[in-house]
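**Q** Encoded as structure tokens, here's the structure I'll be asking about.
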Amino acid sequence: MKFATRLLHNGNEICPRTGAASIPMYLASTYHQFDLDQPGRYDYARSGNPTREALEKTIAALEGGSHGFAFSSGMSAVSTVLLLFSNGDHLVASQDLYGGTYRVMAEVLPRLGITVDFVDTTDLNRVEAAIRPNTKGIYIETPSNPTLKVTDIAGTAEIARRHGALLIVDNTFLSPVYQNPLLLGADIVIHSATKFIGGHSDVVAGLVAVKDPTLAERIGFLQNAIGAVLGVQDAWLVLRGIKTLKTRMDTATRSAETIAQALANHPEVHRVYYTGLPSHPGHRLQCQQSSGHGAVLSFDVGSGERAREVLSRVRLPIVAVSLGAVESILSYPAKMSHAAMPQHVRERHGITDGLLRLSVGLEDVEDLLNDLEQALSVRSVSVASNR
Ligand SMILES: *Cc1c(COP(=O)(O)O)cnc(C)c1O
């Protein structure tokens with residue numbers, strides 16, 4: 001069956017007990033045991049819950065995995081997965097990681113004796129060169145945030161396999177609609193379901209899917225041991241968001257393509273980062289390993305002053321962190337997601353004071369174009385005439 005159908009019919013959408021067409025929220029924290037010698041399927045809700053389980057099976061099915069896990073946030077999913085590693089282990093990670101992931105790797109893991117090298121993973125030679133005898137994992141995000149650098153998933157998986165390391169892919173930006181890292185050889189796929197999968201700016205959640213049952217057992221153990229599980233009502237919201245995931249992604253992506261082209265031809269825009277533009281260095285690789293370019297793009301308006309003007313003038317996108325929602329979201333990486341990064345490091349990564357990131361939502365694309373056009377227009381003339 002095709003993906004759009006599997007979103008709605010994957011075996012986890014109907015309550016097996018009642019036939020309810022929406023999986024009920026089982027709010028119980030504990031479960032009566034009818035027979036001490038034959039324990040029931042559920043005993044305590046941290047260890048298992050029917051609503052969360054429906055979501056976990058759904059993400060596994062959508063990513064082509066055998067097992068799924070739902071966590072209380074994208075970061076708790078990331079952190080729990082990283083605790084697969086032990087004192088003395090070494091990881092290789094993408095340079096342009098989500099800020100929260102970078103923070104855990106740079107400030108928490110070293111305390112546990114786990115070291116991380118951050119490299120430009122768009123160059124597989126650099127990934128290979130960073131491997132050490134104790135490298136146990138490679139962690140990538142593709143496309144990356146906010147300049148959408150593309151890393152070759154299958155190529156990285158081959159390096160990981162050759163060195164006995166696990167390949168972990170953060171697939172938040174494309175969702176399972178456009179990219180399935182497990183099918184390209186990755187071992188673990190992670191999502192911040194707060195973004196496209198939830199899709200409505202009303203839930204914080206994380207999801208993990210894996211192929212290998214032994215690896216699934218280790219992650220299941222950590223999920224229960226650490227306990228950062230997704231709450232039942234949030235699991236229900238994510239299940240509901242998933243039903244419209246493809247429709248939302250396809251509409252927003254079509255609009256993002258139109259907007260990226262318009263911005264690329266706009267005199268006030270110095271540079272546009274979108275993998276759907278043939279001029280993007282990762283365009284061809286993205287076309288090979290993914291079936292879409294997604295709804296996030298970044299553009300540089302030349303200076304911090306211009307960026308602030310645009311941010312203060314836009315009327316439709318909310319000005320905020322986060323992405324992947326029904327409403328468009330305009331972010332200012334230099335002051336938001338990458339504020340902690342020293343300016344010279346930021347600029348080296350293309351995260352200049354003039355860079356804006358737009359997560360395109362479901363508004364009419366003409367309205368979005370008109371709004372961006374008025375926000376970008378230079379108003380010095382009208383200011384002068386007002387005096
Ligand atoms: C938001 C985000 C995360 C973290 O997820 P939370 O749900 O905010 O904890 C991880 N990776 C990427 C790419 C993200 O955009």
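**Q** Scan segment 94-115 for residues that are touching a residue at least 24 places away in the same chain (Cβ under 8 Å) and among the small types (Gly, Ala, Ser) and jot them down. Show your work before the answer.
**A** From segment 94-115, those touching a residue at least 24 places away in the same chain (Cβ under 8 Å) are 94-101, 103-105, 108-109, 112-115; that's our starting set.
Listed by number, the residues that qualify are SER94, GLY99, GLY100, GLY113.
**Q** ASP123 fails exactly one of the following numbered conditions: (1) in contact (Cβ under 8 Å) with a residue 40 or more places away in the chain; (2) within 23 Å of GLY294 (Cα to Cα); (3) away from the ligand (no atom under 12 Å from the Cβ); (4) surrounded by fewer than 19 Cβ atoms within 10 Å (Cβ to Cβ). What is the number of that condition?
**A** Among (1) in contact (Cβ under 8 Å) with a residue 40 or more places away in the chain; (2) within 23 Å of GLY294 (Cα to Cα); (3) away from the ligand (no atom under 12 Å from the Cβ); (4) surrounded by fewer than 19 Cβ atoms within 10 Å (Cβ to Cβ), ASP123 violates only (1).
**Q** I'd like the residue in segment 94-120 that is under 22 Å from TYR273 (Cα atoms) and of a type in the set (D, E, K, R) and, out of all such residues, is surrounded by the most Cβ atoms within 10 Å (Cβ to Cβ).
**A** This residue is ASP96.
**Q** Check SER337 against each of (1) surrounded by 22 or more Cβ atoms within 10 Å (Cβ to Cβ); (2) in contact with a Ser or Thr (Cβ under 9 Å, 6 or more places away or on another chain) and name the one condition it does not meet.
**A** (1)
**Q** Right, another one. Being within 15 Å of the ligand (Cβ to nearest atom) and in contact with an Asp or Glu (Cβ under 8 Å, 6 or more places away or on another chain) is true for just one of HIS200, HIS191. Which residue is that? Steps first, answer last, please.
**A** Working: HIS200 fails: in contact with an Asp or Glu (Cβ under 8 Å, 6 or more places away or on another chain).
Sole residue among the options that is within 15 Å of the ligand (Cβ to nearest atom) and in contact with an Asp or Glu (Cβ under 8 Å, 6 or more places away or on another chain): HIS191.
**Q** So, one more: Let me confirm something: among ALA252, ALA235, ALA256, which residue is within 30 Å of GLY185 (Cβ to Cβ) and assigned by TED's automatic domain parsing to the domain that holds PHE69?
**A** Details: ALA252 fails: assigned by TED's automatic domain parsing to the domain that holds PHE69; ALA256 fails: assigned by TED's automatic domain parsing to the domain that holds PHE69.
On inspection, the qualifying residue turns out to be ALA235.
**Q** Now for a different question. Mind checking which residues of segment 149-180 are under 18 Å from THR80 (Cβ atoms) and away from the ligand (no atom under 11 Å from the Cβ)? So that I can check it myself, show each step before the final result.
**A** First, pick out the residues of segment 149-180 that are under 18 Å from THR80 (Cβ atoms): 166-172.
Residues satisfying the conditions are LEU166, LEU167, ILE168.
**Q** Is there a residue being buried (at least 16 other Cβ atoms within 10 Å of the Cβ), within 15 Å of the ligand (Cβ to nearest atom) and closer than 22 Å to LEU215 by Cα anywhere in segment 83-90?
**A** No, there is no match, as no residue in segment 83-90 is buried (at least 16 other Cβ atoms within 10 Å of the Cβ), within 15 Å of the ligand (Cβ to nearest atom) and closer than 22 Å to LEU215 by Cα.
**Q** Being under 19 Å from THR352 (Cβ atoms), buried (at least 17 other Cβ atoms within 10 Å of the Cβ), in contact (Cβ under 8 Å) with a residue 40 or more places away in the chain and more than 16 Å from the ligand (Cβ to nearest atom), is that true of even one residue in segment 317-333?
**A** no
**Q** I would also like to ask the following. Would you tally the residues in segment 62-119 being over 22 Å from PRO333 (Cβ atoms) and of a type outside the set (Ser, Thr, Tyr)? Lay out the reasoning, then the answer.
**A** First pass over segment 62-119, keeping only residues over 22 Å from PRO333 (Cβ atoms): 62-72, 76-77, 79-92, 108-115, 117.
Retained after the next criterion (residues that are of a type outside the set (Ser, Thr, Tyr)): 62-65, 67-71, 77, 81-85, 87-92, 108-114, 117.
Summing the residues that are over 22 Å from PRO333 (Cβ atoms) and of a type outside the set (Ser, Thr, Tyr) in segment 62-119 gives 29.
**Q** Another question, then. Answer yes if at least one residue in segment 56-73 is without any contact (Cβ under 8 Å) to a residue 24 or more places away in the chain, within 14 Å of the ligand (Cβ to nearest atom) and not acidic (Asp, Glu), and no otherwise.
**A** Looking through segment 56-73, none of the residues is without any contact (Cβ under 8 Å) to a residue 24 or more places away in the chain, within 14 Å of the ligand (Cβ to nearest atom) and not acidic (Asp, Glu).
The values are calculated or read from the model by the stated rules, or taken from the named source; none is laboratory data. Bear in mind that the values here come from a model prediction, so they are computed numbers and not experimental data. As a convention, Cβ positions derive from the backbone with ideal geometry for all residues, glycine included, and neighbour counts pool all protein chains shown.
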